[in-house]
Structures are given as C-alpha cells and as structure tokens.
1. With labels modelled as points extended 7 Å from the Cα through the Cβ direction, what inter-label distance (nm, one decimal) is found for residue A:41 paired with residue A:81?
2. Where Lys and Arg each count +1 and Asp and Glu each count -1, what net charge lies around residue B:51 among other residues with Cβ under 12 Å from its Cβ?
3. Please work out the FRET efficiency for the pair residue B:19 and residue A:29, using the Cβ-Cβ distance as r and a Förster radius of 25 Å; give the result to the nearest 0.05.
4. Can you list residues from other chains, or at least 5 along the same chain, whose modelled amide H is less than 5 Å from the amide H of residue B:16?
5. Count neighbours as other Cβ atoms within 10 Å of each site's Cβ, and list the trypsin sites (Lys or Arg not before Pro) in the range A:39-116 that are DSSP loop with at most 11 such neighbours.
6. Excluding residue A:38 itself, calculate the net charge of residues whose Cβ lies under 15 Å from the Cβ of residue A:38, where each Lys or Arg counts +1 and each Asp or Glu counts -1.
7. Rg/Rh for the range A:1-44: what does it come to with C-alpha atoms and Rh from Kirkwood?
8. Counting only other residues whose beta carbon sits under 15 Å from that of residue B:100, what net charge do I get with K and R as +1, D and E as -1?
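Taken together, the values in this text are just the output of simple stated rules run on the coordinates, not laboratory data. Bear in mind that the values here come from a model prediction, so they are computed numbers and not experimental data. As a convention, Cβ positions derive from the backbone with ideal geometry for all residues, glycine included, and neighbour counts pool all protein chains shown.
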Amino acid sequence: NAGVMQNPRHLVRRRGQEARLRCSPMKGHSHVYWYRQLPEEGLKFMVYLQKENIIDESGMPKERFSAEFPKEGPSILRIQQVVRGDSAAYFCASSPIEGGTYNEQFFGPGTRLTVL
Amino acid sequence: LAKTTQPISMDSYEGQEVNITCSHNNIATNDYITWYQQFPSQGPRFIIQGYKTKVTNEVASLFIPADRKSSTLSLPRVSLSDTAVYYCLVGPVNSGYSTLTFGKGTMLLVSP
C-alpha cells in the first residue's frame with residue numbers, strides 16, 4: 001500500500017510564475033490536508049478537503065492560493081504569481097474516511113518550493 | 001487549542017533513554033496528547049497518542065500524570081536514526097477530522 005505521494009519533490013519558480021503542487025492520498029483515504037513549513041518553523045495548516053469539497057480553508061492566504069481535490073486525480077495546491085515569501089516546504093497529509101478514535105494523519109514527503 | 005511548550009533541542013548518545021517533556025497547562029477535558037516525529041526532508045510521522053496514565057507501543061512510551069498538564073515522550077535506547085524533530089500536539093479527537101497544530105518541536109540529536 002503506497003503512502004501519500006507528492007510531486008514534484010522540488011520546484012523552482014521565478015517571481016510571478018505559477019506553482020502547482022500535487023498530492024495523491026493513500027489508497028482508501030478521502031480526507032486531504034495541506035500544510036506549509038517555513039524554514040525552522042513548525043507546520044502550519046492551510047486547507048482541508050474531501051472529494052470535490054473544500055471543508056476548511058481557514059489557513060489559506062486570501063489571495064493567490066487555491067486548492068482542489070477533484071473526483072478523479074490528485075489534490076492540487078495552486079499558487080499564482082509566486083513571491084519569494086512563498087518559498088517553503090508544502091506537505092500534504094491524508095486520513096481515512098473514518099478516523100476512528102485517533103485522528104492520525106499520514107504525511108507525504110513534501111514539495112520544496114523555491115522562488116527566485 | 002491548548003498551547004504546548006517543549007525544549008527547543010536535546011542531545012543524547014546512542015543507547016541512552018531519552019525523555020522529552022511537553023507542558024500543556026491549559027489542556028481541556030476532551031483533549032488528547034499526540035506526538036509526531038519528523039526526519040529531515042520528510043513529512044511528520046505519528047508516533048504515539050494518549051489521554052492519561054501510560055501508553056506504550058513498539059516505538060515509544062508516553063507518560064501522562066493525573067493532572068494532565070504535562071506529558072513525557074520516552075524513547076528507549078536511542079540510535080543515530082532517532083535524530084529528528086519531535087512535536088507535541090494537544091487537541092480534541094473526533095470521529096471525522098481535526099487540523100493539526102504544530103509548534104517548533106524539539107530537535108533531538110543523537111551522537112555516536
């Protein structure tokens with residue numbers, strides 16, 4: 001059973017370009033979460049999605065950032081007109097439809113975005 | 001969410017037992033305590049979770065005193081591969097979802 005997959009692992013963009021980060025959750029998981037980790041900081045929640053629905057986007061910047069989790073295919077985190085401050089590691093996590101007693105989230109390896 | 005406080009860093013040697021303490025004075029009645037581990041250039045990994053007393057699994061033990069205002073993650077006989085950042089998280093656990101709130105964690109460095 002493959003774990004959470006993210007691609008690309010490393011992404012370099014120039015200021016003003018668009019960045020697209022992809023996340024495939026673990027098989028059988030329908031809950032996807034995106035987190036951002038700035039250098040030497042803890043992870044910060046950005047958005048929580050289920051298939052075709054955004055459930056909680058309270059951690060998303062108001063502009064330039066969007067996320068989707070279509071019926072088919074991976075979840076996409078999209079950053080338009082990137083700026084240097086967007087340089088960070090972006091992690092995706094997933095959890096099963098029924099978290100049970102423990103809300104364990106399974107994290108992917110992350111995408112490291114560098115904005116030049 | 002209850003705020004957590006843990007040491008910024010700890011040093012240890014191979015074979016020693018390491019105890020990382022986390023303070024959470026404002027823990028709520030329905031809050032659980034969860035620890036995650038993050039290796040360099042990887043995403044965090046769930047280690048252990050508990051509500052009170054003691055929890056043990058194949059990786060670690062978690063000790064929680066009766067007042068639940070603190071907790072201690074215990075790693076027996078650490079090896080070099082245990083070098084990582086360890087995060088203490090406190091929050092409610094529901095059937096459904098919860099967003100995880102990470103602090104800066106404790107950087108554990110294990111030396112030969």
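1. The two pseudo-label positions are separated by 2.1 nm.
2. Details: positive: B:52, B:54, B:68; negative: B:31.
Summing Lys and Arg as +1 and Asp and Glu as -1 gives +2.
3. Values: r = 33 Å, r/R0 = 1.33.
It comes to 0.15.
4. When sequence neighbours closer than 5 places are left aside, the close amide H contacts are B:78.
5. Details: sites: A:44, A:51, A:62, A:64, A:71, A:78, A:84, A:112; in loops: A:51, A:62, A:64, A:71.
Taking the range A:39-116 and a limit of 11 other Cβ atoms within 10 Å, the loop trypsin sites (Lys or Arg not before Pro) found are A:62, A:71.
6. Values: positive: A:36, A:44, A:84, A:112, B:104; negative: A:40, A:41, A:86.
My count for the surroundings of residue A:38 gives +2.
7. Details: Rg = 13.0 Å, Rh = 12.7 Å.
Checking Rg against Rh, the ratio lands at 1.02.
8. Numbers: positive: A:36, A:44, B:3, B:45, B:104; negative: A:41, A:56, A:104, B:31.
Net local charge, residue B:100 excluded: +1.
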